[in-house]
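Heads up: the structure comes next, in structure tokens.
The values are calculated or read from the model by the stated rules, or taken from the named source; none is laboratory data. Quantities reported herein were computed from a predicted structural model and do not represent experimental measurements. Neighbour counts run over all protein chains shown; Cβ positions are idealised from the backbone, glycine included.
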Amino acid sequence: MTRLKGLRPVAVVFAASLAAAACGGSSGGSSSTADKGEIHIGVEMPLSGTESTQGQPILKGVQYAAQRAGKVKGFTIKVIPFDDAVNGVHDPQKGAQNVQAMVGDTKLLGFVGPLNSNVAKTEIPIAADANLTMISPANTGVCLTKDNADSRFPYDAGCGGLAKQLRKSNPNNYFRVVTTDDYQGPAMADYFLQVLKIQKVGVASDNQTYGKGIADAFTAEFKAKGGQVVGPRNDYDQNTTDFKPFLTAAKNAGAQGIYVGGTTGTKVCQVRAQMNGIFDATTPFGGGDGIVQDGECVGQAGAMAPNVFASIAAVDPVHVPSAKSVIDGYKKAYPDPADYTAYSIVATDAGGILINAISKAIDDNGGNMPKRDGVRKAAASTKNYQGALGSTSFDANGDTSVKIISIYKYDSADPKKANDEPWVGQENFGEDKPTVKTS
Amino acid sequence: MATVAGALKQTRLGISGRVGGWIFYGVPLVAFLVLILPRLFLNPGFFLQILVFGVTDGAVLALIALGYTMVYGIIELINFAHGDIFTLGGFIGVLIFSLIGIVPGKDLNLGFLTLFVVIGVMAVTMAINGGINVLIERVAYRPLRHQPRLAPLITAVGMSFILEGLMFIWKGPNFIQSPDLLPGGHFTVLAANVDYRSIVLIAAALVLVVLLTLFIERTKLGKAMRATAQDRDAAQLMGIDINRTISATFFIGAALAAAGGILYGFYLHNFRFDTGFITGLFAFTAAVLGGIGNIRGAALGALLIGLIRAFNDGYGRSEWSDVLIFAILVYVLVFRPTGLLGMQVPEK
């Protein structure tokens, strides 16, 4: 019994840390009961207009993270929303104004956002000057953090030193919990080879930075893993309307599938539609997040919409074991089905990591209101944060160690069902030997 | 510079004689024999298939090019709005089809009746589109007929943007779906699958072009159009109603563009508010390539552009298509400034 007695304090500490881990990892949630005032965290999203269906659930995800954290070292966390939509669409200029407003709020130590990579471009310099921490739950543009695509799947991402330009001489203040577009092509290449067992594909792109990039990365990985890219490579421009010559040439060269880099707006789904009569409807077609969960794409592809596979540089939380408790808790707090999206769960991690960094910065500052630079430093040193996405660490660029690409498959020709497109697999390029997981 | 210009002129002169003709046609012929023809023997089926795609695309383009060439032939106006008139025709066609219950994805299975439905809808669409174009001519071009050439050119650019803007407001930024009433299935020649749809489309375009040629050569109004194109003042002195003749030209051009829009929709299924802008530019290029003002020239130019693109997409790399098309355009215009079949424009 004496031994047990001796162990007891240890057990208590252990139990407390477990409880803390369950609370989104904010170390020492309610260790201090003294009221030290408010700390503000911003949420910078399109909260009105068409993109509000993505922005609002993210706001709620961060609010849920704050609610789970409760009082942090005696400070009350208050979530302050900022809307970057103008006339219903995200606006980089409005985003910049929002960040300026945040910089002016001395209690505001960091924010979650933005949704769109082009908004991030105007926001990062302003926030960097003020040492304001940004954590995006949705930006996947390669050039925001890196100067080029991952060296394992090289292609020219056309960054031109953007990441450095945005930060100037300031230390990095920008982090993200989703991974980058350069893994989309390789993930689909692996999916084609490993799951669909396809050895020969035809490849095309819309000849723009994003589309050509993911098509190049797809080609590199597909060849490296023993597949063959056949027929003429087709980097079409906006003047091309008839893809049948390319498709016929690919078919002729033995293609068992087609991969096209681009977006619905640059006619990727029309290439699929024109496969009708040249390929069977069961022939797989791959693309990036430019065509994922998009009713417009399904409408254009028409009867050929089934068997279109599209990737997205984010996780599907349902398929991450560690996300279950967060999803359950979130759904209890926000029961409206419209509030639950993949991004709302990702946002709980973005919010949790920010609150965690604030908590650490409070400790570093002797329990007092931390400085913005302290929060930034603490966020940069995030290591193995246990949240919905599993274990997250940030590298020197601010990119996450969880590099999951999810793959979805259209199985209906009904545009209204595009959002329910089933998940068919994922690949984590943060692992040593990434492989496609289908369950 | 003067020597360069002089040398160029001499080259042109040198190349315009009989020997020049041999060189002019010889160079592309050799290129064709060396680059393209061997592929025919390597895989005749594939070659044929690409050929059919090229001719089909060319046929649709021809229907738009005719409108450009007719208008230019008669009043020397590059009607920049014509490409958008083509899109508008497609939009109106989709609207009328939907009014009678034919929407994309729903197979009504009309059987033989389909032909009559298509011809009926096409006729109505052509009439509406023609009417709109006549109205545009009345409002934006006719008052400027005796003004400097730049004025109607700019109002044409303006009309193009107005039409695009209105179609954007009407249908939004997304691609709209067209029903497809072309017959399915294909027959096989030399291992090539030739779609019936391509055949129907080429036939439809051919019929329209032949009807147009007959109309211009055999009817009174056609004669009036030719007379107006040749010399407006003389035609007027002969008692030809110039305004009516020019209106008729705009009507026919837009009607053909509407037919082109509907066929384009059948064949490629999608278009949006700005589809006509680019397609129109290529149609205009086709008209110049064949010899602006020349009906057969426009059809030939469109056919060439369709073929170049199809063969390059099938055998080469797609991003070279535009380079090739315009390189050939420059080649033709430098040595034959009047286009392949010669210009037919008003005499000064």
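Among the helices (runs of 4 or more DSSP H) confined wholly to the stretch A:278-397, which include 2 or more residues that are under 30 Å from B:HIS186 (Cβ atoms) and within 14 Å of chain B (Cβ to nearest Cβ)?
Working: elements: A:295-301, A:324-333, A:342-364, A:372-380.
Of the helices (runs of 4 or more DSSP H) lying wholly inside the stretch A:278-397, those with at least 2 residues that are under 30 Å from B:HIS186 (Cβ atoms) and within 14 Å of chain B (Cβ to nearest Cβ) span A:295-301.
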Checklist outcome for this item: A:MET369 vs (1) surrounded by 17 or more Cβ atoms within 10 Å (Cβ to Cβ); (2) within 26 Å of A:TYR183 (Cα to Cα); (3) touching a residue at least 60 places away in the same chain (Cβ under 8 Å): all pass except (2)
Checklist entry - Is it true that some residue in the stretch A:196-214 is within 14 Å of chain B (Cβ to nearest Cβ), more than 28 Å from the chain's Cα centre (by Cα) and hydrophobic (A, V, I, L, M, F, W, C)? => result no
Item to check | Pairs, first facing chain B (nearest Cβ under 7 Å) and more than 20 Å from A:THR209 (Cα to Cα) in the stretch A:223-248, second in a strand (DSSP E or B) and modelled with pLDDT under 90, C-beta under 7 Å, six or more apart | outcome: A:PHE246/A:ASN234
Item to check | Members of the stretch B:304-348 found to be within 28 Å of B:GLU217 (Cα to Cα), in a helix (DSSP H, G or I) and either within 14 Å of chain A (Cβ to nearest Cβ) or touching an Asp or Glu at 6+ places or on another chain (Cβ under 9 Å) (or both), listed by number | outcome: B:ILE305, B:GLY306
Item to check | the stretch B:73-100, subset under 14 Å from the mean Cα position of the chain (by Cα) and of a type in the set (S, T, N, Q), residue nearest to B:LEU182 (Cα to Cα) | outcome: B:THR87
Checklist entry - Quick check, is A:ASN419 in a helix (DSSP H, G or I), surrounded by fewer than 23 Cβ atoms within 10 Å (Cβ to Cβ) and not assigned by TED's automatic domain parsing to the domain that holds A:PRO46? => result yes
Next on the checklist: Here is a list: A:PHE153, A:PHE175. Which entry is crowded, with 22+ Cβ neighbours inside 10 Å, touching a residue at least 12 places away in the same chain (Cβ under 8 Å) and in a strand (DSSP E or B)?
Outcome noted: A:PHE175
Item to check | Residues of the stretch B:177-215 satisfying the condition of being in contact with a helix residue (DSSP H, G or I) (Cβ under 7 Å, 6 or more places away or on another chain) and β-branched (Val, Ile, Thr) | outcome: B:VAL189, B:VAL194, B:ILE202, B:VAL209, B:THR213
Checklist entry - In the set A:THR282, A:THR241, A:THR263, which member is in contact with a helix residue (DSSP H, G or I) (Cβ under 6 Å, 6 or more places away or on another chain) and at pLDDT below 95? => result A:THR241
Next on the checklist: Condition (residue is more than 11 Å from chain A (Cβ to nearest Cβ), buried (at least 19 other Cβ atoms within 10 Å of the Cβ), farther than 15 Å from B:ASP84 by Cβ and of a type in the set (Phe, Trp, Tyr)) applied to the stretch B:271-282: is it met by at least one residue?
Outcome noted: no
Checklist entry - Restricting the stretch B:51-99 to residues that are surrounded by 24 or more Cβ atoms within 10 Å (Cβ to Cβ) and acidic (Asp, Glu), which is nearest to the other protein chains (Cβ to nearest Cβ)? => result B:ASP57
Checklist entry - Is it the case that the stretch B:190-213 has a residue that's surrounded by 16 or more Cβ atoms within 10 Å (Cβ to Cβ) and over 30 Å from B:LEU268 (Cα atoms)? => result no
